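**Student:** The structure's right below; bear with me while I get my questions together.
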Amino acid sequence: MTVSDIELAERHARTRALIMVVMAAVLLSLGLLGWEDQASSMTPILRHGAWAVTILFWLLILATGGWLKLSRDVRRLMNDEVALAHRSAALQTGFWTAMLLALAIYFASLEWAISLREGLRILTDVTIAAALIRYAWLELH
């Protein structure tokens, strides 16, 4: 491990955190734009498939810490004990966000018509965004 590896790992860790903030904002924005499953110029299977691929991608990033193409030494520096603890805290935040939001959606559906697809999309987007924001916040502070 060299000094340049350490500097590279620090730079990539900060970049990863900033990208997570941006992606959380994108997820929430797209969730608002796609509210009520309104018609779009894209075919439904393409639109929903693209959403699913995006969700799976960010779940993979949260699960692994991402940046798989970096050297083993740089990845090891980026994913040290502190980063693993931050990722664990982010996943816990995602879990509790999911549970509380699921309850909120359940009770909201008593008053407003919320389709299963809308509810699941809201739940997934907000939960992953919460986990991404928590991870980024912990990494940047």
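The values are calculated or read from the model by the stated rules, or taken from the named source; none is laboratory data. Treat the numbers as computed from the prediction; the structure is a model and nothing was measured. We place every Cβ from the backbone using ideal geometry, glycine too, and count neighbours over all the protein chains shown.
**Student:** Name every residue in segment 76-90 that is surrounded by 15 or more Cβ atoms within 10 Å (Cβ to Cβ) and either touching a His at 6+ places or on another chain (Cβ under 7 Å) or without any contact (Cβ under 8 Å) to a residue 60 or more places away in the chain (or both), in order of residue number.
**Tutor:** Those that are surrounded by 15 or more Cβ atoms within 10 Å (Cβ to Cβ) and either touching a His at 6+ places or on another chain (Cβ under 7 Å) or without any contact (Cβ under 8 Å) to a residue 60 or more places away in the chain (or both): M78, N79, H86, R87, A89, A90.
**Student:** Looking at (1) at pLDDT 85 or above; (2) of a type outside the set (A, V, I, L, M, F, W, C); (3) surrounded by fewer than 15 Cβ atoms within 10 Å (Cβ to Cβ), which is the one condition that is false for R16?
**Tutor:** Condition not satisfied by R16: (3).
**Student:** Residue pairs, Cβ under 9 Å, 6 or more apart or interchain, first in segment 115-130 and surrounded by 19 or more Cβ atoms within 10 Å (Cβ to Cβ), second not in a helix (DSSP H, G or I) and not β-branched (V, I, T). List them.
**Tutor:** Qualifying pairs under 9 Å: R121/G34; D125/G34.
**Student:** Quickly run through segment 119-141 and pick out the residues that are out of contact with any Gly (no Cβ under 9 Å at 6 or more places or on another chain) and of a type in the set (D, E).
**Tutor:** Once the filter is applied, which keeps residues that are out of contact with any Gly (no Cβ under 9 Å at 6 or more places or on another chain) and of a type in the set (D, E), segment 119-141 yields only E139.
**Student:** Let me ask another. Restricting the search to segment 108-141, which residues are in a helix (DSSP H, G or I) and of a type in the set (V, I, T)?
**Tutor:** I122, T124, V126, T127, I128, I133
**Student:** Next question, about the same structure. Mind checking which residues of segment 66-98 are in contact with a helix residue (DSSP H, G or I) (Cβ under 7 Å, 6 or more places away or on another chain) and part of a loop (DSSP other than H, G, I, E, B)?
**Tutor:** Those that are in contact with a helix residue (DSSP H, G or I) (Cβ under 7 Å, 6 or more places away or on another chain) and part of a loop (DSSP other than H, G, I, E, B): G66, W67, L70.
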